[in-house]
Amino acid sequence: MMAVGINEMKTWLKNLNERIQQNKMYLTELDQAIGDGDHGLNMARGFQEVRKKIEGTDYDHLGSLFKDTGMTLLSKVGGASGPLFGTAFLKASGVLNGKTTMTVADLGQALESALDGIKMRGKAQLHDKTMIDVWEPVVLYVKANEEEMDWDRLIALAEEKMEATKELEAKKGRASYLGKRSIGHIDPGAASSAYLFTELATVIKGANIT
Amino acid sequence: MKKLINHPEEVVQEMVAGFVAAYPKHVKQVPDTSVIVRADSPVQGKVGLVSGGGSGHEPSHGGFVGKGMLDGAVAGEVFTSPTPDQVFEAIKAVDGGKGVLLIIKNYTGDVMNFEMAAELAEMEGIKVAKVVVNDDVAVEDSTYTTGRRGIAGTIFVHKIAGALAETGASLEEVEAVANKVIQNVRSMGMALSPCTVPAAGKPGFSIGETEMEIGMGIHGEPGIERTDIRPANEVAEILLTKVLEDLQIQDHSKVAVMINGLGATPLMELYIVNHKVSQMLKERNIEVYETFVGEYMTSIEMAGCSISLLQLDDDLTELLDADANTPAFRK
């Protein structure tokens, strides 16, 4: 049994970047439908920079890896996603400070702290048709299953919750101007959040975390 | 996409460089940033004014940097809020010891990024105040939405808060007058054709050849209704009626008017719109103190316009009249 460490998390961020690059236009199309059409472009720019930054840097602990990721997203993404994803990684870095490996319990704590940060920054709640609609159920699932995680179930949950944003009416962000017309479209931030969790689960599954 | 650019990814950088090269008497660039500040900044003993937002709205906001208006403007990527580190650079560059006022248009991303920048500045001991402009009456102000958007009425906030800051007023006083302008300014726009973000390569939305959208936002956000195109007089009447209603303006009031082009609408058409606007205001015995017709806050190459009205009292009138010397606005 091995725990997840710096290399695995670097792999995760690298895979996540690839996933976002591949889906750049899809995310942008989702955003054009109910927002201002820059989500894919911004996330692609930000995570490309994250990849560059972490590739050339040696990290002593997970906290500094997450901090670098958060600061890079904050300064390179822009829009609303920059502060939201940036804050999430910075909050998680606080929990992971000094740790070279993490357990599922550590991950649960880091994700919980990240979610609190997203809520504080974005002032949104569950069912507002935002990234929180993916984050909150996923974080609750991790916290509730620390003893016996089913990573495939987590992947399915993230995708299911992303799909479920389609039926919601937006209460935050530019999509909120559409009111009921926002129904029928997946929230772009929920989609990129689902990528984040599915790529995370895929890497951790391979690393056999306990 | 047919655009006079080099690389879609470098439009903001190259635009800022070209802008600074054009107006060295007014502005300079903070090195390695997309921040434009007054050539003589930081101006000691004066509250610094910083605004900004996504690019694509030129001359907003860099064009309003100069004496009597903004001290700094931060240019984000096209239609994307600038990042907190960039806004923080602007705050540092213009702080002359009396604090800095951030003038933010009401968009989720802008508000979050400017708030984070304000937190960074406060940690370094710079006093920062914020105002959020929400002049667009096209969307309902409701606790269930993000609230009204900030559009061309923002220029009046720059002008009047900038004029008061120039007198040596305190941060609290400049913030108060900025809020007073926000309470008294309303705008509404319409679009005839869409615009294309260079990096996206295709229009963000489509409007049929014979259609228009009333109330469309400056990034192509949906408005109130999509209808068949109508004559300028009818369009002017729809927009101005909604603005007047929302402002709850009384007869015999005094106003400043702004007819703003969105990028692809010629001045000729804007004057035609103003012809109707001026007639309607006269009929209602509302005194037009001053009218501004031109491009103040554009949406890349969108065709259409917005109409803004600022209700004036004696204090606001005096500040509107004060000297200003910026690349895009002079008095």
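Computed values, structure above
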{"item": "Residue match in the range B:72-81 (condition: part of a loop (DSSP other than H, G, I, E, B), among the polar types (S, T, N, Q), in contact (Cβ under 8 Å) with a residue 12 or more places away in the chain and farther than 29 Å from B:Asp321 by Cβ)", "result": "yes"}
{"item": "Complete set of residues in the range A:13-64 that are crowded, with 17+ Cβ neighbours inside 10 Å, modelled with pLDDT under 95 and not in a helix (DSSP H, G or I)", "result": "A:Gly35, A:Asp36, A:Gly37, A:Asp38"}
{"item": "Residue in the range B:151-168 that is in contact with a strand residue (DSSP E or B) (Cβ under 6 Å, 6 or more places away or on another chain), at pLDDT 95 or above and within 14 Å of another protein chain (Cβ to nearest Cβ) present", "result": "yes"}
{"item": "B:Thr167 buried (at least 24 other Cβ atoms within 10 Å of the Cβ) and over 29 Å from B:Glu237 (Cα atoms)", "result": "no"}
{"item": "Count of residues meeting criterion [away from every other protein chain (no Cβ under 14 Å) and over 10 Å from A:Met131 (Cβ atoms)] in the range A:185-210", "result": "16"}
{"item": "Test: residue in the range B:57-64 that is surrounded by fewer than 24 Cβ atoms within 10 Å (Cβ to Cβ) and more than 24 Å from B:Ser299 (Cα to Cα)", "result": "no"}
{"item": "Residue within the range B:124-138 that is within 14 Å of chain A (Cβ to nearest Cβ) and out of contact with any helix residue (DSSP H, G or I) (no Cβ under 8 Å at 6 or more places or on another chain) present", "result": "yes"}
{"item": "Residues located in the range A:142-184, provided they are within 14 Å of chain B (Cβ to nearest Cβ) and of a type outside the set (Gly, Ala, Ser)", "result": "A:Leu168, A:Glu169, A:Lys171, A:Lys172, A:Arg174, A:Tyr177, A:Leu178, A:Lys180, A:Arg181, A:Ile183"}
{"item": "Verdict on B:Gly217 being out of contact with any Asp or Glu (no Cβ under 6 Å at 6 or more places or on another chain) and under 21 Å from B:His61 (Cα atoms)", "result": "yes"}
{"item": "Qualifying residue in the range B:45-53 (condition: within 12 Å of another protein chain (Cβ to nearest Cβ), of a type outside the set (Val, Ile, Thr) and closer than 27 Å to A:Pro83 by Cβ)", "result": "yes"}
{"item": "Hits in the range B:79-123 - residues which are more than 14 Å from every other protein chain (Cβ to nearest Cβ) and among the acidic types (Asp, Glu)", "result": "B:Asp95, B:Glu122"}
{"item": "Index of the failed condition, A:Met131 passing every other in (1) closer than 28 Å to A:Ala33 by Cβ; (2) in contact (Cβ under 8 Å) with a residue 60 or more places away in the chain; (3) surrounded by fewer than 16 Cβ atoms within 10 Å (Cβ to Cβ)", "result": "(3)"}
{"item": "Residue in the range A:187-204 that is modelled with pLDDT under 95, closer than 14 Å to A:Leu30 by Cα and not in a loop (DSSP other than H, G, I, E, B) present", "result": "no"}
{"item": "Residue that is farthest from B:Ile104 (Cα to Cα), among those in the range A:76-129 that are within 10 Å of chain B (Cβ to nearest Cβ) and in a loop (DSSP other than H, G, I, E, B)", "result": "A:Asp128"}
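The values are calculated or read from the model by the stated rules, or taken from the named source; none is laboratory data. Predicted model only: the values in this text are computed from it and were never measured. Note that each Cβ is placed from the backbone with ideal geometry, even for glycine, and that neighbours are counted across all protein chains shown.
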